1. Exactly one of these conditions fails for residue 80: (1) surrounded by 11 or more Cβ atoms within 10 Å (Cβ to Cβ); (2) part of a loop (DSSP other than H, G, I, E, B); (3) free of Cβ contacts under 8 Å to residues at least 24 places away in the same chain. Give me its number.
2. Would you tally the residues in the range 27-58 being part of a loop (DSSP other than H, G, I, E, B), loosely packed, with under 12 Cβ neighbours inside 10 Å and modelled with pLDDT of 95 or more?
3. Starting from residues that are outside any loop (DSSP other than H, G, I, E, B) and modelled with pLDDT under 95, keep the ones in the range 10-26 and report whichever is surrounded by the fewest Cβ atoms within 10 Å (Cβ to Cβ).
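The values are calculated or read from the model by the stated rules, or taken from the named source; none is laboratory data. These figures come from a predicted structure and were not determined experimentally. Cβ placement follows ideal geometry from the backbone for every residue including glycine, while neighbour counts extend to all protein chains displayed.
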């Protein structure tokens with residue numbers, strides 16, 4: 001087996017490049033996983049710039065390549081001054 005072989009049923013082209021973890025109310029961030037880079041907490045204003053930094057040609061609204069576990073495009077409410 002070579003390192004370029006696909007082990008999934010849909011192949012590499014169907015795998016999300018970005019995955020956003022489940023919505024949680026105990027943080028202002030959503031955990032976001034970038035393929036080959038790992039997880040990072042992102043605030044809403046950081047999300048699209050980070051997607052473009054990791055994958056310049058990726059449309060952040062692409063439902064195949066950007067997977068939301070739940071509540072797409074929603075972040076927990078946060079107000080300046082909160083921890």
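1. (1)
2. 2
3. 13
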